[in-house]
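Below: one structure, written as structure tokens.
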Amino acid sequence: MARARIGLKCKAYLGESELSIVRDTVNLTLNKNEADVSRRGNDWDLARGTSKVLSADFQVLDIEDDADVATLMDSFLNGTPIEMYFLNGPKDTAGSEGPHAEFEVMQMNRNEARKDAVVYDVVVKPTDGPTSGLPEWFVAPAA
């Protein structure tokens with residue numbers, strides 16, 4: 001019998017390295033824009049899916065001199081594309097899947113609660129980067 005996947009096993013990657021400073025939850029939003037294809041005389045509104053829309057939001061810990069925080073901040077400040085994966089398992093495990101794209105950081109809010117670690121709320125969206133064929137739905141191949 002198949003078992004439910006657990007969020008604890010999901011992985012986020014910045015390039016080829018696991019983004020280990022993700023604090024807890026990663027929210028992936030996948031939806032489509034739509035075109036109205038309704039016709040007169042039909043009682044129903046009809047829609048057709050057009051372009052796909054993807055965004056990911058997550059929190060990262062602000063760790064001093066961390067290269068990943070610096071990479072995310074560079075993407076925000078300078079519009080630098082960053083390759084990322086958001087998978088339901090390790091990248092090298094056959095069948096792990098999720099979005100893979102060149103992303104740009106669109107939002108990077110810093111939270112400085114007195115009784116908590118400093119964290120950034122990050123929102124990334126696909127952009128046109130140097131890697132052709134992205135974004136894609138990545139599925140890790142069998143070894």
- Message: Being among the charged types (D, E, K, R) and in contact (Cβ under 8 Å) with a residue 12 or more places away in the chain: is that true of residue 128 here?
- Response: yes
- For the range 114-137, state whether one or more residues are out of contact with any Phe, Trp or Tyr (no Cβ under 7 Å at 6 or more places or on another chain), buried (at least 18 other Cβ atoms within 10 Å of the Cβ) and within 14 Å of residue 15 (Cα to Cα). yes
- Do you know which residues across the range 100-113 are of a type in the set (Asp, Glu) and assigned to a strand (DSSP E or B)? 102, 104
- In the range 1-99, which strands (runs of 3 or more DSSP E) lie fully inside it and hold 1 or more residues that are surrounded by 12 or more Cβ atoms within 10 Å (Cβ to Cβ) and aromatic (Phe, Trp, Tyr)? 11-14, 47-61, 82-87
- Restricting the range 1-25 to residues that are touching a helix residue (DSSP H, G or I) at 6+ places or on another chain (Cβ under 8 Å) and among the β-branched types (Val, Ile, Thr), which is modelled with the highest pLDDT? 21
- Message: Looking for something in contact with an Asp or Glu (Cβ under 6 Å, 6 or more places away or on another chain) and under 24 Å from residue 138 (Cα atoms) - is there at least one such residue anywhere in the range 71-78?
- Response: yes
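The values are calculated or read from the model by the stated rules, or taken from the named source; none is laboratory data. All values derive from a computational prediction rather than experimental measurement. When we count neighbours, we look across all protein chains shown, and the Cβ atoms used for this are built from the backbone with ideal geometry, even at glycine.
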